[in-house]
1. Please find, among Ala146, Ala164, Ala135, the residue that is surrounded by fewer than 19 Cβ atoms within 10 Å (Cβ to Cβ), closer than 27 Å to Arg45 by Cβ and within 12 Å of the ligand (Cβ to nearest atom).
2. State the number of residues belonging to region 189-238 that are small (Gly, Ala, Ser) and buried (at least 18 other Cβ atoms within 10 Å of the Cβ).
3. Could you tell me which of the residues Arg178, Arg189 is out of contact with any helix residue (DSSP H, G or I) (no Cβ under 8 Å at 6 or more places or on another chain) and of a type in the set (Lys, Arg)?
4. Name every residue in region 85-99 that is assigned to a helix (DSSP H, G or I) and touching a residue at least 24 places away in the same chain (Cβ under 8 Å), in order of residue number.
5. Does region 167-186 include one or more residues that are of a type in the set (Lys, Arg) and surrounded by 14 or more Cβ atoms within 10 Å (Cβ to Cβ)?
6. Looking for whichever is small (Gly, Ala, Ser) and touching an Asp or Glu at 6+ places or on another chain (Cβ under 6 Å) here; the options are Gly237, Gly270, Gly229. Which one fits?
7. Just checking, which of Met60, Met92, Met30 is surrounded by fewer than 21 Cβ atoms within 10 Å (Cβ to Cβ) and within 12 Å of the ligand (Cβ to nearest atom)?
8. Return the pair list, or none, for Cβ contacts closer than 7 Å from residues in region 1-20 that are farther than 24 Å from Val95 by Cα to residues that are surrounded by 13 or more Cβ atoms within 10 Å (Cβ to Cβ), at least 6 apart or on different chains.
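The values are calculated or read from the model by the stated rules, or taken from the named source; none is laboratory data. All figures in this text were calculated on a predicted structure; none of them were measured in a lab. Here the Cβ is made from the backbone with ideal geometry for all residues, glycine too, and neighbour counts use every protein chain on show.
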Amino acid sequence: METVTTIGAVRERVYAWRRAGARVVFVPTMGNLHPGHVSLIETARRHGERFVASIFVNPMQFGPNEDFAHYPRTPRADEHMLASAGCDLMFMPDVTEIYPHGSERVTRVEVPGLSRILEGEFRPGHLEGVSTVVAKLFHIVEPDVAVFGEKDFQQLTVIRRMVAELCMRVEIVGAPTRRDADGLALSSRNQYLTPAERQLAPVIYATLEAAAARLRGGDAQFASIERSGVQALEEAGLRPDYFSVRRADDLSAPRPETRALVVLAAARLGRARLIDNVQVARPGS
Ligand code: PAF
């Protein structure tokens, strides 16, 4: 695997691959890689012949009081992990390579509506930061396929919408969430948890699964399911931001007959803010 830091170097490699007829698959990340990221590369390997991963902690998607400065950065370990997973190229740009005029004044890409709900309500500007950097990375790498984890379900939905509406020539693939044995979704931010908090954290997945079981059983009392979810998380000692049942295709409010649903939750636990979701396919009437 080769590591490059400039846009020009990425383009050179990718153009050569494409001239040779290879399908190029891209996995954008913020680094501090864990087995969840490795599974994104494994998914990528089913969709093409050449693999690019980016490692870029994107300042634009962090709020003023968030953890940008302290976000864990482990470039050497990341490089090793990507090489072992079969990645061909690691793109690790500086902030000035991506935002030469600063991230505050950059041309922005926003998916209105979708970016302002759920995560957008609690992290204003976050999803705009994500769609902007992903659009830039797509223009740099020009991949045939890009892989994103389903753990960040709203992010994936925003990116799919951006790609469709801006007619971007890239296929978006969602990869299933990787979990620890007790159900906790793998995330770089799990390392902010103390051992005691780590014991509590799987309650998020358990609560989502309980809601999903009610929905699968035909319960369409969405407000009651959401209230029970919030209550269960609070009783366990977490501070939920939201626990919400939505349509899986566009995250709007579901109707009793909606079949494809997703239950999404975000909750604070100590220094960590954990997000997770469970998709539910209900049988037709
Ligand atoms: O999911 C992430 O790690 C980031 O939001 C992404 C997609 C790499 C954009 O910075």
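1. Just a single option satisfies the conditions, and that option is Ala135.
2. 5
3. Exactly one residue qualifies, and that residue is Arg189.
4. Hits for region 85-99 are Ala85, Val95, Glu97, Ile98.
5. yes
6. Answer to the selection: Gly270.
7. Every option except Met30 fails the conditions.
8. That search, which allows pairs on different chains as well, returns Trp17/Val24; Trp17/Arg50; Arg18/Val24.
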